[in-house]
Amino acid sequence: MANQNEATEPNAEVIAVYPNRVKISVDDLSKFSTIDSQLEKLRVGSYLEVSDDDNHKLIVIIESYSIEYKEDKVIDESGEERILKNKKYIIEANPLGTLVNDKFQRGGDSLTIPPTKVRPASADDIKKIYQSDVTENEKFSFATLLTNKEIEVPVNGNKFFNKHFAIVGSTGSGKSHTVAKVLQEAVSTKNAGYDGLNNSHIVIFDVHGEYKKAFPNSNYIDIDNLTLPYWLLNSDELTELFIDTDANDHNQRSVFQEAVTSNKKKHSKDDALTKSKIHFDSPLFFDINEVLQYLKYRNTEQKQKDTTIIWVDSTGEEFTFSEKTSSRLFEKGLKIKEKGSATGTLNSKFINFINRLEIKLNDKRLDFLLNEKAKNITFENTIKQFIGYSDDTNKNSNVTIIDLGGIPFEALSITVSLISRMLFEFGFYYKKKLNEDIDCETPILLLYEEAHKYVPKSDLVKYRSSKTAIERIAKEGRKYGVTLGIVSQRPSEVSETIFSQCNTFIAMRLTNPDDQNYVKKLLPDTMGNMTEMLPSLKAGDALLVGESITIPSLVHLNECSSSPKSSDIKYIEVWKEKWKEVKFDDIIKEWKK
Ligand SMILES: Nc1ncnc2c1ncn2[C@@H]1O[C@H](COP(=O)(O)OP(=O)(O)O)[C@@H](O)[C@H]1O
Ligand SMILES: [Mg+2]
C-alpha cells in the first residue's frame, strides 16, 4: 500500500532519532494526515509508522508538533534576490514498539538509522498492535482508540480482572459510566451453549446510590434490607463498634473479650474439645444482650473492694466467679452476697462502657447489625445475600449492589470491612475445599466507589477495619479468586498498598497535579508525557495502562447500555418550574424512621 501511495505522499522524513524520541519533519501536514482515508485527522496521541521496509515498522505516538519557518534566499527570473519562507511541521513522537511481520513487540530499539519512510499508521496495523497479546478467548473489550473510534482496544480480560484494577478521575470525568460499562460487559459475556446467567459474581459498594439504575436486575441491598450480624464482626470491628477507642482502656477490652468468647462457647453445640478452641474471632453466634448482662454483673462486682463476692441465682444456689463459672454471669436475676469487710468502693469501672453499649443497642440506625433478624440469620444466608445467591434460583443475580447511603457514619468502616472480609474468607475456604487442579469456581469482584473514603492513606482509627480488610484482599485476594476494583477521584489519597497491587489503571480526566503525578509514576519513563493529556480529556476519555493492555493507550469508553444515575441536579430547569407544594409530614416520617 505504501508503494502505491509513494508518488502522492508528501515529503515526511525522520530528522532525528533519540533513544526514546524521534523527530519528524513534514511539508504538508493536511496531505500527510489523510494518506490513509480510514484515519481521522492526526493529533497529539495519533500513531505513526517509521520504517525501512514493510515487514519491520516502528510505531510511534505523537507527543507534540510545532511549526518551523525556514528562510531560503532565492534569485528570481529578473535576477533579484528574494527571501522565500518555507513552512515545515515538526512532529515529536515516542516509540511504542515495533511491528515485525505483523507481530507487535513493545520497545523500539531496533530501528536502523536513517529510517526512510514515515506515514500515519494504518488502521490495520494499529489493530495488529492490540491483537498481538491477546487470544480471542481472553479478549475483553469496552473502549475504542481515542484518535480513531473505529479501532477497538481490547484488554486481556483474565489479567484485567485477576490482578485488581483502578479507575481514577476527577468528578464528572466518567468513572461511574466506566464502571457500568465494564461490568455490564462482564455480566453479558458468555460461552455458547447455555441460557441464563453467566458465572460472574460482582459486589458494588455504592456510596451515592447510583448503580441500581445501571443494573436493574441486580440484587439490591440497602439499609432497609441489609442484615449484617454483629456476631460475625471480628475483634477489631467489635472493638471499633462497642468500645470507646479514645479511652484506650485495657480493662474494658479484656472483660469484653472474655465475655464474648465465653458466650460463644455457651451457645456452641460442639463437644468440649471443639469448644475449647473457640476464640474471640471465631465466626460463631453470641448474644449481645447476655454480654451486656455479664458486664453489668462484673461492674457491680468491681464496686466492692477487698470483698469476695458470692453470687446467688434465682434458685438460691451460691457460687463465686471463676473461669469455670464465668458463663453463669449470662443468667438473669443473679444477686450478690458479700463476704468479708467492705473497706470502700471503687468507682464502677465499666459504667461508661455499659452506657455506650446500651446506647448502641437502642440505636435504631444500627438495627441492621443488632436487631433480632441479625441475631438469627445464619452464617450461610449472610454470605449468600452478598454474592447474589438466592433460595429462589430465579432470583440469583450476577451483580449485588450494597447501597451504603443510609449506613451511619460510625458504622461505615465496619460494614465495608465485614462484608469484604467475609467474601475474602469465603474465597479462601472455598479454595481449600476444591481439588488442587481447580483454582477457583466462582471468582468474585469487589468494586469500591469513592475508595478514598474507606481505604485512605490516613491511619485514623475510624478507617482501620475497612483498610485492614481491603488491604488484605489487595495482597492475597487474587490467589483465592477475590479481586478489587478501586474507584477514586483522589488517587493520591488512597492507600499506597492498595494501588501498588493494582495492575490495570483507567485514568480519566485528572486536574489535580498530585493526582496527575501519581498516574505518571505508573507509566514507563518514555511515556510519562502522556499524563500531560490528563487534564484535557473529555468525559469518557481515558488513559488505559497496565499489564492487561499491550501498550498504554488513550481510549474512549463505549457507552453503557443503561447508565448510572447522575447525581447532578438540573437546578435551573427545576427552578423554572411552578412553585411546588411539599408534604412535610412524609419527609419527617422518613426522617424519624
Ligand atoms: N463513555 C462516555 N461517553 C460519553 N459521555 C460520557 C461517558 N462517560 C461519562 N460520560 C458523561 O460524563 C458525565 C459524568 O459521568 P460520570 O460517570 O457520572 O462521572 P464521575 O463518576 O467520574 O463523576 C455523565 O453525565 C455522562 O453523560
Ligand atoms: Mg461517579
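Relative to the present Cα-Cα distance, how much length would full extension add between residue 105 and residue 325 at 0.36 nm per residue of separation?
Value of the extension gain: 72.0 nm.
With unit charges on the beta carbon (Lys/Arg positive, Asp/Glu negative), name the residue among 251, 261, 326 whose Cα is farthest towards the positive pole of the charge dipole of segment 204-334.
326
Tell me, what HN-Hα J-couplings in whole Hz come from the Karplus equation 6.51 cos²θ - 1.76 cosθ + 1.60 at θ = phi - 60° for each residue of segment 581-593, using x for Gly and Pro?
Each residue of segment 581-593 in turn: 7, 10, 8, 4, 3, 4, 5, 5, 4, 4, 4, 7, 3 Hz.
For a quick check: with amide H placed at 1.01 Å from N, whose amide H comes under 5 Å from residue 281's, ignoring anything fewer than 5 positions away on the same chain?
none
Determine the calculated [θ] at 222 nm for the chain from helices alone, applying -39500 (n - 2.57) to every DSSP H run no shorter than 4 residues and normalising by the residue count; nearest 500 deg cm²/dmol.
Taking each H run of at least 4 residues, the total per residue is -8500 deg cm²/dmol.
Obtain the radius of gyration and the Kirkwood radius of segment 446-516 from its C-alpha atoms and give Rg over Rh.
0.96
Using +1 at the Cβ of each Lys and Arg and -1 at the Cβ of each Asp and Glu in the chain, identify which of 192, 279, 415 lies farthest towards the dipole's positive end.
The listed residue farthest towards the positive side: 279.
Could you tell me which of the pairs 275/467; 269/467; 23/128; 57/181; 265/360; 373/457 are separated by over 28 angstrom between their Cα atoms in the structure shown?
275/467; 269/467; 57/181; 373/457
Where a Cα-Cα gap under 12 Å defines reach, which aspartates and glutamates qualify for residue 127, not counting those fewer than 8 residues away within the same chain?
Within the straight-line cut-off, residue 127 pairs with 102, 150, 152.
Please give the contour-minus-distance gain from residue 269 to residue 587: 0.36 nm per residue of separation, less the Cα-Cα distance, rounded to one decimal in nm.
Residue separation times 0.36 nm, minus the Cα-Cα distance, leaves 109.8 nm.
Can I get the semi-axes of the chain's equivalent ellipsoid? Compute them from the C-alpha gyration tensor as square roots of 5 times the eigenvalues, in angstrom, largest first.
65, 24, 23
Give the peptides 124-134, 74-84, 151-161, 453-463 in descending order of average Cβ contacts within 10 Å, highest first.
My ranking of the peptides, most packed first, is 151-161, 124-134, 453-463, 74-84.
Using the crude model of +1 on Lys and Arg Cβ and -1 on Asp and Glu Cβ, and no other charge, please compute the dipole size for the chain relative to its Cα centre, in debye to 20.
Here the chain has a charge dipole of around 2340 debye.
Taking amide H positions as placed in the peptide plane 1.01 Å from N, state which residues far from residue 96 in sequence (5 or more) or on other chains have amide H under 5 Å from it.
Those qualifying (amide H under 5 Å, at least 5 residues apart or on another chain) are 59, 60, 61.
Leaving out same-chain residues fewer than 8 places away, which aspartates and glutamates sit with a Cα under 14 Å from that of residue 349?
By straight Cα distance, residue 349 reaches 244, 249, 301.
What's the extension gain from residue 376 to residue 351 if we count 0.36 nm per residue and subtract their Cα-Cα distance?
Using 0.36 nm per residue and subtracting the Cα-Cα distance, I get 6.2 nm.
Looking at the chain, what % of its DSSP beta bridges pair antiparallel, to the nearest 5?
Here the share of antiparallel DSSP bridges comes out near 75 percent.
Kindly flag which residue pairs out of 103/190; 88/117; 453/589 have an alpha-carbon separation exceeding 19 Å in this structure.
Table pairs above 19 Å Cα-Cα are 103/190; 453/589.
What nm value, rounded to one decimal, do you get for the distance between residue 138 and residue 208 when each label is placed 7 Å out toward the C-beta?
3.5
Which whole-Hz ³J(HN,Hα) couplings does segment 253-258 yield from phi under the Karplus relation 6.51 cos²θ - 1.76 cosθ + 1.60, θ = phi - 60°, glycine and proline marked x?
The phi angles translate into 4, 6, 6, 5, 4, 4 Hz.
Dipole of the chain (Lys/Arg Cβ +1, Asp/Glu Cβ -1, origin at the Cα centre): which of 122, 135, 434 lies farthest to the positive side?
Highest projection toward the positive end goes to 434.
Could you tell me how far the Cα centroid of segment 512-586 sits from the Cα centroid of segment 135-182, in Å?
13
Once phi is turned into θ = phi - 60°, what whole-Hz ³J(HN,Hα) does the Karplus curve with 6.51, -1.76 and 1.60 give for every residue of segment 467-484, x standing for Gly and Pro?
5, 4, 5, 6, 5, 5, 5, 4, 7, 10, x, 5, 5, 10, x, 10, 10, 10
Read-outs throughout are calculated quantities, based only on the coordinates presented, and are distinct from any laboratory measurement. Just so we're clear, the structure is a prediction, and the values are computed from it rather than from any experiment. Every residue, glycine as well, gets a Cβ built from its backbone with ideal geometry; the counts of neighbours run over all protein chains shown.
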